[in-house]
Amino acid sequence: MQMLRTLRGSNNEGVLALVLLTLIIAMSIISPAFLSAGTAFSTLRSATVPLIFALAVLVVIVSGGIDVSFAAVAIFSAYTAVSFAITTAPDLPAFAIIGFAIAIGAVLGLFNGVVIARFRLPTLIVTLGTQGVFVGVMYTYVGATYYAQLPPSLASLSSVTVIDFATGTGRASLHVMAVVAIGLSLIIWWMLTRTMFGRALYAIGGDAEAARRAGFRVMRTQVLVYVLVGVLAAIAGVAHMVMGRSANPQDLVGDELDIIAAVVLGGASIFGGRGSVLGTVLGVILIQVINNSLLLAGVPSAWLRAAVGMLLIAGVGIQAIAARKKARRVHTVDEQKADRVVEEVAS
């Protein structure tokens, strides 16, 4: 039993990995071409932006909140930086454009964090409201022009790959932005597991009042969480535009359900205080493999969102059932202890 619990993982990562492996084997039997380097790199490419988004959502959920404005922050930050470069300074180097986007994302995240932490408002309501505000401000003051060409410095990144080789069915290549997503995953893993800030996130997500009494600075930590979300969202927005080789202000917003579903499937508790980077990575890849599998099977694209929605309901339902069972076990243990105390007093 101890070995099974170890393989399962603290957040059921082992179970998720087994499901993913089973799906891959099943699709390989149905379509032998599915199990190839090209398919693997294609899946990693399609998972790049969702993975960066999922890391942002993970840190919020671990801290006991929920953020649905990350896509709006991403498109606002990246589109504003790209639009400024195209219309004002087309010769800006890539690092300056990316840095500008990250700065905008940090400011938008700071706004979310201050409103939530200072006024102690529900995170879902605040981010739902700021989502509309950010999109409206972008359309009004930045514009809604579709740019088919990126600034030269960013456009040059669109074709950069770290691995590229010929296969029996074509070429297999790993985009540089996929490496960025992998690097960010390692950084967030280190932050959550090896730093005091990470411990503070888990403590606040478990019980904010208890964390405050334990000495954690809850308000400051919550503000920093949303600043971090803004930074990650801005990077995701830039990655989306670089890989898409264009800047469309109407992209990204509307796909938040897929990201939240992947994080919840990865074992993050919607009630806060639990979650892991490994589970999140597996959840994102599982969603991408499911989408690709359904497309290969000829399932209409309209059913893809339905499948993701059902997975989200299943993930939250399993968490709720597990929480109720744990509460019953704790209640039973407390009752047994109370009975023993009564018996000892009576004797």
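The values are calculated or read from the model by the stated rules, or taken from the named source; none is laboratory data. For clarity, every value in this text was computed on a predicted model and none was experimentally measured. Note: ideal-geometry Cβ built from the backbone for every residue, glycine included; neighbour counts use all protein chains shown.
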### Query
So is Ile260 assigned to a helix (DSSP H, G or I) and within 20 Å of Ala17 (Cα to Cα) or not?
yes
### Query
Which members of the stretch 231-258 meet the condition of being at pLDDT 90 or above and under 12 Å from the mean Cα position of the chain (by Cα)?
Leu232, Ala233, Ala236
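Table: residues versus (1) β-branched (Val, Ile, Thr); (2) touching a helix residue (DSSP H, G or I) at 6+ places or on another chain (Cβ under 7 Å); (3) over 30 Å from Phe34 (Cβ atoms).
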{"residue": "Pro152", "(1), (2), (3)": "no, no, yes"}
{"residue": "Ser159", "(1), (2), (3)": "no, no, no"}
{"residue": "Ile163", "(1), (2), (3)": "yes, no, no"}
{"residue": "Thr167", "(1), (2), (3)": "yes, yes, no"}
{"residue": "Met177", "(1), (2), (3)": "no, yes, no"}
{"residue": "Phe197", "(1), (2), (3)": "no, yes, yes"}
{"residue": "Gly205", "(1), (2), (3)": "no, yes, yes"}
{"residue": "Arg212", "(1), (2), (3)": "no, yes, yes"}
{"residue": "Arg220", "(1), (2), (3)": "no, no, yes"}
### Query
Are there any pairs, at least 6 apart or on different chains, whose C-beta atoms fall under 6 Å, with the first in the stretch 280-303 and crowded, with 22+ Cβ neighbours inside 10 Å and the second modelled with pLDDT of 70 or more and not in a helix (DSSP H, G or I), and if so, which?
Thr280/Gly266; Leu282/Gly266; Gly283/Gly266
#### Entry: Selected residue (criterion: modelled with the lowest pLDDT) from residues of the stretch 134-147 that are among the β-branched types (Val, Ile, Thr) and closer than 10 Å to Phe76 by Cβ
Val142
### Query
Counting only residues that are under 13 Å from Ala47 (Cα atoms) and in contact with a strand residue (DSSP E or B) (Cβ under 8 Å, 6 or more places away or on another chain), how many does the stretch 223-267 have?
1
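Kindly evaluate Ser158 against the criterion of being over 14 Å from Leu232 (Cα atoms), of a type in the set (Ser, Thr, Tyr), touching a strand residue (DSSP E or B) at 6+ places or on another chain (Cβ under 9 Å) and not in a strand (DSSP E or B).
Details: over 14 Å from Leu232 (Cα atoms): yes; of a type in the set (Ser, Thr, Tyr): yes; touching a strand residue (DSSP E or B) at 6+ places or on another chain (Cβ under 9 Å): yes; not in a strand (DSSP E or B): yes.
So Ser158 passes the test.
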#### Entry: Pair list, Cβ under 6 Å, 6 or more apart: the stretch 206-233 residue of a type in the set (Lys, Arg), other residue part of a helix (DSSP H, G or I) and buried (at least 16 other Cβ atoms within 10 Å of the Cβ)
Arg212/Val218
### Every residue from the stretch 166-181 that is surrounded by 12 or more Cβ atoms within 10 Å (Cβ to Cβ), of a type outside the set (Gly, Ala, Ser) and touching a residue at least 24 places away in the same chain (Cβ under 8 Å)
Thr167, Arg171, Leu174, His175, Met177, Val180
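Can you tell me which residue among Gly136, Gly113 is part of a helix (DSSP H, G or I) and touching a residue at least 24 places away in the same chain (Cβ under 8 Å)? Give the derivation first.
Values: Gly136 fails: touching a residue at least 24 places away in the same chain (Cβ under 8 Å).
After ruling out the rest, the residue left standing is Gly113.
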